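Written below as structure tokens is the structure these notes are about.
Each value in this text was obtained by applying a stated rule to the coordinates, not by laboratory testing. Just so it is clear, the model here is predicted, and its values are computed rather than measured. All Cβ positions, even for glycine, are placed from backbone atoms using ideal geometry, and neighbour counts span all protein chains on display.
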Amino acid sequence: MSDILVEKNDGLAVVTLNRSRQRNAVSYTMWQQLAVLFSELDADSDVRSIILTGAGCDFSAGADIAEFDAVREGADDSKRYEVAVDAAGDAIYGVSKPTIAALRGYCLGGAAHLAMSCDFRMAEANAVFGIPAARLSIVYGVSATRKLFSLVGVTQAKRILYTGKRFSAEEALSIGFIDQIGENALADARQRAVEMAENAPLTIAGAKFILNGCASGELDRQTAAALIDNASASKDYVEGRQAFKEKRPARFLGC
Ligand code: COA
């Protein structure tokens with residue numbers, strides 16, 4: 001069975017990390033596959049939003065440490081490995097559609113990077129978070145650290161990275177690491193996707209690009225302006241105004 005499952009239904013893609021016996025630890029191959037998969041889902045016009053979750057009891061216990069001797073040995077291998085990790089995180093972060101992480105059980109290390117790369121993080125009360133890079137003498141990458149900083153601020157980010165201590169869903173909520181705790185994270189994530197499904201994709205893509213640019217401190221204003229212009233010139237903008245006049249819901253196509 002595949003280590004990553006993808007299910008598409010009614011405009012929603014659910015991506016599941018599927019190695020529950022290893023607590024969904026993410027292998028080098030899986031980092032590479034995730035980068036390709038999220039780029040493909042971004043390009044798939046039938047997909048309006050994406051949920052990322054884990055099979056069984058956990059989201060994921062992070063990078064597969066068991067294979068580190070084989071794939072992340074010296075400085076060169078480690079660099080290559082981290083390129084793959086960042087490519088996966090950045091492919092998720094760069095998707096122009098809403099992305100939601102549904103979290104239960106462990107969400108540690110590199111898995112926290114995956115969760116932070118999504119737009120939203122819906123968790124169950126039993127979720128446990130942590131970035132134990134300091135227990136392995138690994139520097140958490142720039143892309144992941146930047147995402148952490150933009151979510152929780154510098155002091156909390158330092159505490160999380162310097163101590164490597166695990167923290168509860170309640171604490172994660174209180175510092176802004178996650179945005180909701182509920183009884184069923186996957187159901188909550190589906191509900192969040194439904195709330196956005198009828199809205200104009202070009203609006204969401206533009207908002208996401210600008211907000212991600214603000215969060216990273218690297219807003220490309222030219223691209224932002226092009227996205228704004230593209231929405232203003234779109235068929236969807238015509239449809240939105242027409243629907244308003246006819247007092248009916250708009251049917252947006254994303255063009
Ligand atoms: N990489 C590889 N395998 C992992 C893993 C990881 N990150 N996390 C868990 N596993 C494996 C365990 O080795 C174990 O395999 P085994 O049954 O063949 O021994 C299996 O998953 C179950 O985990 P186990 O440790 O027995 O469960 P636990 O409830 O006692 O502890 C954790 C769970 C998550 C606290 C513990 O496994 C752990 O600390 N994992 C490493 C977390 C980490 O440092 N992640 C950061 C990586 S960047």
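Compute the normalised compactness of the range 4-196: alpha-carbon radius of gyration over 2.2 N^0.38 Å, N being the residue count.
That works out to 0.95 for the range 4-196.
Read phi for every residue in the range 8-19 and hand back ³J(HN,Hα) as whole Hz from Karplus 6.51 cos²θ - 1.76 cosθ + 1.60, θ = phi - 60°, with x for Gly and Pro.
Taking θ as phi minus 60°, the curve returns 10, 8, 6, x, 10, 9, 10, 9, 10, 6, 10, 9 Hz for the range 8-19.
Round to the nearest 0.05 the FRET efficiency obtained for Asn18 and Val238 when R0 = 45 Å and r is the Cβ-Cβ distance.
0.60
Need the list of lysines near Lys247 for cross-linking: C-alpha distance under 20 angstrom, and skip anything on the same chain fewer than eight residues off.
List returned: Lys235.
What net charge do the residues around Thr163 carry, taking every other residue with its C-beta under 13 Å from that of Thr163, with Lys and Arg at +1 and Asp and Glu at -1?
On the way: positive: Arg135, Lys158, Arg159, Lys165, Arg166; negative: Glu171.
Around Thr163, the charge tally is +4.
What residues qualify as long-range amide H neighbours of Ser60, i.e. H under 5 Å apart, gap of 5 or more or another chain, H built at 1.01 Å from N?
For Ser60, whose amide H was placed from the backbone, the distant partners under 5 Å are Tyr106, Cys107, Leu108.
R0 = 35 Å: FRET efficiency of Val36 with Lys245, Cβ-based, nearest 0.05?
For Val36 and Lys245, the calculated efficiency is 0.20.
How much length is gained if the chain between Leu5 and Ala207 is pulled fully straight, taking 0.36 nm per residue apart and subtracting their Cα-Cα distance, in nm to one decimal?
Extra length available between Leu5 and Ala207 comes to 69.9 nm.
Between Glu198 and Ser168, take the C-beta separation as r, use R0 = 45 Å, and let me know the FRET efficiency to the nearest 0.05.
0.85
Identify, among Cys57, Val47, Gln32, the residue whose Cα sits farthest towards the positive end of the charge dipole of the range 16-57, taking +1 on the Cβ of Lys and Arg and -1 on the Cβ of Asp and Glu, with the dipole about the Cα centre.
It is Cys57, whose Cα lies furthest towards the positive end.
Do any GluC sites (Glu not before Pro) in the range 155-255 lie in a loop, going by DSSP, with at most 10 other beta-carbon atoms within 10 Å of their beta carbon, and if so which? Mind showing how you got there, number by number?
Numbers: sites: Glu170, Glu171, Glu183, Glu195, Glu198, Glu218, Glu239, Glu246; in loops: Glu183, Glu198, Glu218, Glu246.
Those satisfying the criteria are Glu183, Glu218, Glu246.
With the Cα gyration tensor of the range 97-255 in hand, convert its eigenvalues to equivalent ellipsoid semi-axes via √(5λ) and list them largest first in whole Å.
35, 20, 10
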